């Protein structure tokens, strides 16, 4: 049983199970599915969907959908943000220095290509005004599933797998910025962001910086030891809650609300890379928190799939094909073209060929998790949103496309022992 659970956990198949269950439920009994997803848990709540009455009075309603997408998914984006932070900020981080330039430029192509294909397609269909706001949906790359397919196509020891991970991390970072800037969740009130920044700064100063200052001249570090033993993660939990609430009140998607607190948490100065086995042995607070969150986040992804992937097959429409075209056509083209231009100047990792770039672009075309999320905020609930979500689900076709492209490009699989 342990091995079965480990397989499910490592490859995020709980998300697939949730999405498959949602698809089945929505097509067998659509009314009961919608009633479940939009079930009201708390009327006049301090958090939830904001409603403005006829007289101007405002109140919030906490629904199951809001609980999953806006509250619990903050844990998922927090873990993604942790990987981005380590890759960018720590010495030796994978997105620092010249070695990251080719993947970073390829990431730009992997976002620009889908946007161009999507918007051009919307114009050709004569539905630009209706569908244009979904331009960011096909820019997403699902790290977990792309990593899995990348290992299948290239082998665990191929340098293209690390290239793919660097690209996916950079894509995540850009995606978080896109969500925050282009998809506000209400009237913007940026003054609330001062509360978010203040909470993060207070947690860093009181539970991180101050104990270190008090420990100067004391090799046994008594102040830091006391904070670690008696306070642990609690100051950062409080700061995270304040930051999350501030994002909600600021009109920015609250699922991003934990991101400002991540740099405040004590962390190792070593960056092993996403999915690195050695990271499991790190005992700093940031990695410890991530270790404890991994299993709960898997269940969150199960609920996310259940709450978002339930679309009827009759929902297929223009947005479906635009999202598919953006992912399956625009992303491989963008990564191949800009990646090749960057490789001429900055080179590719040793053992990786230009012919591997189109294959890698097909692997990165699996949007799924983040594409579903962006579809839910790009369009209001209804036929267009369901159509766009169907396109995100169809992005799994990129796995077959990548395997076929790998064979045509004569990719030589490399095991980890060949590194």
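The values are calculated or read from the model by the stated rules, or taken from the named source; none is laboratory data. Since the structure is predicted, the reported quantities are computational estimates derived from the model, not experimental observations. Reconstructed Cβ throughout: ideal geometry from the backbone, glycine too, with neighbour counts over all protein chains shown.
Across the stretch 80-107, what is the number of residues that are surrounded by fewer than 18 Cβ atoms within 10 Å (Cβ to Cβ) and either in contact with a helix residue (DSSP H, G or I) (Cβ under 6 Å, 6 or more places away or on another chain) or in a helix (DSSP H, G or I) (or both)?
Residues flagged as surrounded by fewer than 18 Cβ atoms within 10 Å (Cβ to Cβ) and either in contact with a helix residue (DSSP H, G or I) (Cβ under 6 Å, 6 or more places away or on another chain) or in a helix (DSSP H, G or I) (or both) within the stretch 80-107 amount to 5.
Six or more apart or on different chains, Cβ under 9 Å: which pairs go from a residue in the stretch 284-299 that's without any contact (Cβ under 8 Å) to a residue 12 or more places away in the chain to one that's surrounded by fewer than 14 Cβ atoms within 10 Å (Cβ to Cβ) and assigned to a helix (DSSP H, G or I)? Could you list them?
So the pair list comes out as 291/280.
Does residue 410 satisfy being over 30 Å from residue 21 (Cβ atoms), assigned to a helix (DSSP H, G or I) and over 20 Å from the mean Cα position of the chain (by Cα)?
no
If we scan the stretch 332-339, do we find a residue that is within 21 Å of residue 107 (Cβ to Cβ), modelled with pLDDT of 95 or more, in contact with a helix residue (DSSP H, G or I) (Cβ under 8 Å, 6 or more places away or on another chain) and surrounded by fewer than 18 Cβ atoms within 10 Å (Cβ to Cβ)?
yes
Quick check, is residue 361 at pLDDT 95 or above, out of contact with any strand residue (DSSP E or B) (no Cβ under 8 Å at 6 or more places or on another chain) and in a helix (DSSP H, G or I)?
Answer is yes for this residue.
Return the only residue of 207, 199, 195 being closer than 27 Å to residue 47 by Cβ, touching a helix residue (DSSP H, G or I) at 6+ places or on another chain (Cβ under 8 Å) and in contact (Cβ under 8 Å) with a residue 60 or more places away in the chain.
199
Out of the stretch 162-179, which residues are more than 12 Å from the chain's Cα centre (by Cα) and at pLDDT below 85?
Of everything in the stretch 162-179, those that are more than 12 Å from the chain's Cα centre (by Cα) and at pLDDT below 85 turn out to be 162, 165, 166.
Assuming residue 237 fulfils every condition listed in (1) at pLDDT below 95; (2) surrounded by fewer than 17 Cβ atoms within 10 Å (Cβ to Cβ) apart from one, which condition is it?
Among (1) at pLDDT below 95; (2) surrounded by fewer than 17 Cβ atoms within 10 Å (Cβ to Cβ), residue 237 violates only (1).
Say we look at the stretch 294-336 and pick out the residues that are outside any helix (DSSP H, G or I) and over 17 Å from residue 122 (Cα atoms); which of these is farthest from the chain's Cα centre (by Cα)?
312
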